[in-house]
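Accompanying notes for the structure given below.
The values are calculated or read from the model by the stated rules, or taken from the named source; none is laboratory data. Not measured: the values here are computed from a predicted model. Positions of Cβ are generated from backbone atoms using ideal geometry, with glycine treated the same way; all protein chains shown enter the neighbour counts.
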Amino acid sequence: MDSKALSLYKTRMQGKTSVFESFHYVPAAGWTRTAFSVLRAGKVAAAPDYRIERPVYPGQDILYCLSGRGFVETLGQRLEVRANQLVWMANEAPHVHAADPADPWTLLWFRLDGPDPAILRRKLFGEGILRTVFTEGTGPAPWFERLFAALRRRDAGLDLRLNQLVAEFLLLVDRAVNGAGNDDLPKPLASALDAMRAAPGSAWTAPDLATVTGLGASQIRRLFQKHLRTSPHQWLMRERLMQAQSLLVQGDQPLAEVAEACGFCDVYHFGREFKRSVGISPAAWRRSELSAAPGR
């Protein structure tokens, strides 16, 4: 047993939690209103009685288990956590995390904050289980080393660097949750996406999707939720809005014609959905885009 392992063994025998790394950071004033940052980070070897329980807390806490076991309670889920598993805690609601007394965990962890960090969680996990597992060689331990190094140096550009590191981390988790990319999508789901992209103005009812995929409505919904963290309707709505934007800047078609071509019930439905997602009306967006176009 090497000296570090022996020290950890003695610490746990004495019932003490050992903190190997601990970092605090205060971003520039107003930074987290526009970008993401890391407020705290560290590495901890938990004692058998390690337990943290909070009603609410800023940001989002993310734990990665290097060894041992523990559990997390968040958003009504009780999640057993083992080595190579990562869990994301919703700090905006009551949450608990605790070590297994029989085999206390060793954790890498950090707290991120930003404009609306809960949106990141929903983007990655949807409404599913807030836990994922990393296969050998894909885990985030090297990412944590880069994070710790940046927090030690505290260079002048640290705010920008932390925002970049958060983006890199999200991609790591996305690959663990969803696979490496669209090439890994199940064939029925890939077929559905291709068909819907080719004709976003079609109604795409459950029977329509069943014809393309050979699956029932509930199976299709599960595929969308598992791999895209959205529903077929929500996915199609975004495709329709993107097609509408293309039509709005390509010519002077009346809004009603654009709405019909993109599958909206009428121009009022189109206007509501467009403003909800883009922030302004289709007419205002068109004027703004065309006024900024080269040669105008």
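Residue count for segment 145-160 under the criterion of being basic (Lys, Arg) and crowded, with 19+ Cβ neighbours inside 10 Å: the result is 0. The set of residues in segment 222-249 being of a type in the set (S, T, N, Q) and either outside any helix (DSSP H, G or I) or under 22 Å from the mean Cα position of the chain (by Cα) (or both) consists of Gln225, Thr230, Ser231, Gln234. Of all residues in segment 225-248, those satisfying the criterion of being at pLDDT below 90 and not charged (D, E, K, R) are Gln225, His227, Leu228, Thr230. For Glu80, are the conditions met, namely being surrounded by fewer than 15 Cβ atoms within 10 Å (Cβ to Cβ) and touching a strand residue (DSSP E or B) at 6+ places or on another chain (Cβ under 8 Å)? Against the criterion (surrounded by fewer than 15 Cβ atoms within 10 Å (Cβ to Cβ) and touching a strand residue (DSSP E or B) at 6+ places or on another chain (Cβ under 8 Å)), Glu80 qualifies.
Hey, any hits in segment 104-113 for a residue that's over 25 Å from Leu228 (Cα atoms) and aliphatic (A, V, I, L, M)? Yes - at least one qualifying residue is present in segment 104-113. For segment 210-241, the set of residues classified as hydroxyl-bearing (Ser, Thr, Tyr) and within 18 Å of Gly128 (Cα to Cα) consists of Ser218, Thr230, Ser231, listed by residue number.
Screening Val177, Val166 for residues that are in a helix (DSSP H, G or I) and free of Cβ contacts under 8 Å to residues at least 60 places away in the same chain leaves exactly one candidate, Val177. For segment 57-69, the condition of being in the same structural domain as Phe23 (by TED's automatic domain parsing), of a type in the set (Asp, Glu) and more than 23 Å from Val166 (Cβ to Cβ) holds for none of the residues.
Considering only segment 177-185, I want to know if a residue exists there that is of a type outside the set (Asp, Glu), within 20 Å of Arg40 (Cβ to Cβ), touching a strand residue (DSSP E or B) at 6+ places or on another chain (Cβ under 7 Å) and surrounded by 13 or more Cβ atoms within 10 Å (Cβ to Cβ). For segment 177-185, residues of a type outside the set (Asp, Glu), within 20 Å of Arg40 (Cβ to Cβ), touching a strand residue (DSSP E or B) at 6+ places or on another chain (Cβ under 7 Å) and surrounded by 13 or more Cβ atoms within 10 Å (Cβ to Cβ): absent. Among the residues making up segment 250-263, a single one is among the small types (Gly, Ala, Ser), free of Cβ contacts under 8 Å to residues at least 40 places away in the same chain, surrounded by fewer than 17 Cβ atoms within 10 Å (Cβ to Cβ) and assigned to a helix (DSSP H, G or I): Ala256.
Taken over segment 194-221, the residue count meeting the criterion of being outside any helix (DSSP H, G or I) and surrounded by 17 or more Cβ atoms within 10 Å (Cβ to Cβ) is 3.
If the condition is being touching a Lys or Arg at 6+ places or on another chain (Cβ under 9 Å), more than 17 Å from Val56 (Cα to Cα) and surrounded by fewer than 18 Cβ atoms within 10 Å (Cβ to Cβ), then segment 89-114 contributes Asp100, Ala102, Asp103. Regarding segment 59-77, can at least one residue be identified that is within 18 Å of the chain's Cα centre (by Cα) and more than 20 Å from Asp113 (Cβ to Cβ)? Yes.
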